[in-house]
1. So which of LYS155/LYS255; LYS255/LYS369; LYS155/LYS253; LYS201/LYS231 end up more than 30 Å apart, counting from Cα to Cα?
2. Amide H of VAL218: which non-local residues (sequence gap of 5 or more, or other chain) have their own amide H closer than 5 Å, using H built in the peptide plane?
3. Just going by the charge dipole of the chain, with Lys and Arg at +1 and Asp and Glu at -1 on Cβ, which of MET239, PRO220, TYR158 is farthest out on the positive end?
4. Which one, PHE86, LEU295, ALA306, projects farthest toward the positive side of the charge dipole computed for the chain from Cβ point charges (K/R +1, D/E -1)?
5. Rolling a 1.4 Å sphere over the protein heavy atoms, what is the accessible area per residue of the chain, to the nearest Å²?
6. Within region 1-68, report the trypsin sites (Lys or Arg not before Pro) that DSSP leaves as loop and that have at most 15 other Cβ atoms within 10 Å.
7. Which aspartates and glutamates, if any, have their Cα less than 13 Å from the Cα of LYS309, not counting same-chain residues under 8 positions apart?
8. By the scheme Lys and Arg +1, Asp and Glu -1, what is the net charge of all other residues having a beta-carbon under 11 Å from that of PHE200?
Amino acid sequence: MSENQRILVTRSSMPPLQEYIDEISSLWDSHWLTNMGVEHQKLEASLKERLGVENIALFTNGHNALECILEALDLPEQGEVITTPFTFASTTHAIVRKNLVPVFADVKIEDFTLDPQSIESLITPRTVAIVPVHVYGLPCDVEAIQQIADRYGLKVIYDAAHAFNVKLGGRNIATFGDASMFSFHATKVFNTIEGGAVCFKDSSLYPVLNHWKNFGIVGPERVVYSGGNAKMNEFCAAMGVCNLRHLDDEIAKRKMVSERYWTNLSGLPGVRTFQPSAGVEYNYAYLPVTFDPDLFGASRDEVFEALAKNDIGARKYFYPLVSDYERYRSVYASERTPVAQRAANTVLTLPLYADLTIENVDRICSIVKSCAR
Ligand code: T4K
C-alpha cells in the first residue's frame with residue numbers, strides 16, 4: 001500500500017492554501033513575525049468571542065501553556081497536585097517541571113476522567129490544586145470537582161488539550177475551574193500547527209502570563225520573572241485565524257465519521273465506544289474504543305496488530321499509564337488506580353479526521369470485527 005493509502009490515527013486539517021497565503025501576505029510588508037503581532041492579536045480576539053471567555057492567552061503549545069498557568073498561579077513549591085495517570089506525558093511533566101508533586105487519583109469507568117471520590121480520598125494538608133483532564137474531549141464531572149476544590153480551598157486547572165469547543169449544559173468548557181489549557185497541535189480538532197492557549201478566571205493573570213511566556217520581561221529595562229519563551233508566532237496564529245473559519249465544518253464532518261463508527265461497532269460483545277452524555281456539545285476529538293478480551297475474544301493489542309497489518313495506524317492513547325513510565329514507576333504504584341490501569345490496557349483510539357471516508361470507516365470496522373473469536 002502506498003504512503004497515501006495508509007490511514008493514520010489522524011490527519012491535520014488545513015485551510016485552502018490561497019486563504020492562508022492571503023492571511024500571511026501582510027507579514028511581507030510588516031516584517032513582524034512573532035512577539036505578539038497582528039495575527040496573534042487577531043486570533044486571541046477571535047477565540048475570546050468563539051469561546052465566550054473574558055481571558056485567554058496564546059502559547060507556542062499546550063504544554064507551555066500549562067506550565068505557565070501553573071507558574072502564574074503561584075502555587076507553593078512541593079505542593080501536591082491531584083491529577084490523572086490516564087493522560088499524555090505532558091500533564092504530569094508540567095506539574096513536575098513546576099516543582100509540584102503529582103498525586104494520581106483513579107478515573108471513572110464511564111469516561112476515564114478523574115473520579116471525584118478518588119480525588120477527595122487523596123487530599124492532605126499539602127494539597128494545593130487539582131489538574132483533571134477532559135480526556136478525548138469528554139468533560140470531567142466539573143461540578144463535583146469544583147465542590148471539592150471549594151471545600152478544601154484548592155485551585156482547579158483543567159488540562160482541556162482535547163476539549164476545544166466542547167460545551168456542557170450550553171456553557172463552554174473553557175469557563176470551568178480557575179483555568180483551562182487547550183492544545184492547538186497539528187493533531188487537534190482546531191490547530192495552529194503548534195500552539196496552545198489558556199483561559200482563566202482572574203484577569204490580573206493576563207500580564208503575568210504574557211511575562212512568563214516572554215522571559216519574564218516586564219519592561220524595556222525590567223525583568224521580574226525567570227520566564228521562558230513560549231510565544232505563538234505569526235505564522236501559527238494566522239493558521240489559527242484561517243482554521244477557525246472552518247471549525248464548524250470540521251466538527252460536522254468528524255461527527256459523521258464518529259457516528260458511523262458508533263453504529264458499526266454497537267452491540268458487539270466486549271466492545272465499548274464512548275459517546276458524550278446528554279447535555280454535552282462534543283467536538284469529536286478522538287474515537288476511543290475498549291476491548292474486553294474475555295467477551296470480545298481478542299485483546300486490544302491483537303486488534304491493534306490486525307489494523308497495523310492492513311496499514312491502519314490506530315494508537316494506544318493512553319498506554320502506558322503515566323505512573324508506569326520509567327520516570328515515575330518507582331514512585332507510584334499503578335495498582336492504586338485500577339480503573340485507569342484497565343483503561344490503559346484495553347483502549348485503542350481508531351483513526352478519526354474530517355476527510356476520513358465512510359468506506360474507510362467501514363473497512364476499519366470490518367477488520368476490527370474480524371478479530372472477534
Ligand atoms: N495534555 C494532553 C492530554 C495532551 O494529549 C497533549 C498533547 C498535551 C497536554 C500537550 O499539548 P501540546 O503541547 O502537544 O500542544 C500527539 C501530539 O503531538 C500531542 O499534541 C497530543 N497531545 C498527543 C495525544 O498526540 P504523538 O507523539 O502521538 O504524535 P504523532 O507525531 O505520532 O502524530 C499522530 C498522528 O497525527 C500521525 O500518525 C499523523 C498525524 N499527524 C501528525 C503530525 C505531527 C498529522 O496529520 N500532521 C502532523 O503534522 O503526539
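1. Exceeds cut-off: LYS155/LYS255; LYS155/LYS253.
2. VAL223, VAL224
3. TYR158
4. Checking the options against the dipole of the chain, the answer is LEU295.
5. Result: 44 Å² of accessible area for each residue.
6. Answer in residue order: ARG6, ARG11.
7. Partners within reach: ASP301.
8. Net charge around PHE200: -1.
The values are calculated or read from the model by the stated rules, or taken from the named source; none is laboratory data. Values in this document were obtained by computation on a predicted structure and should not be read as measured data. Neighbour counts run over all protein chains shown; Cβ positions are idealised from the backbone, glycine included. Keep in mind that these areas ignore ligands, DNA and RNA; they rest on the heavy atoms of the full protein, side chains included. Shrake-Rupley method; radii C 1.70, N 1.55, O 1.52, S 1.80 Å.
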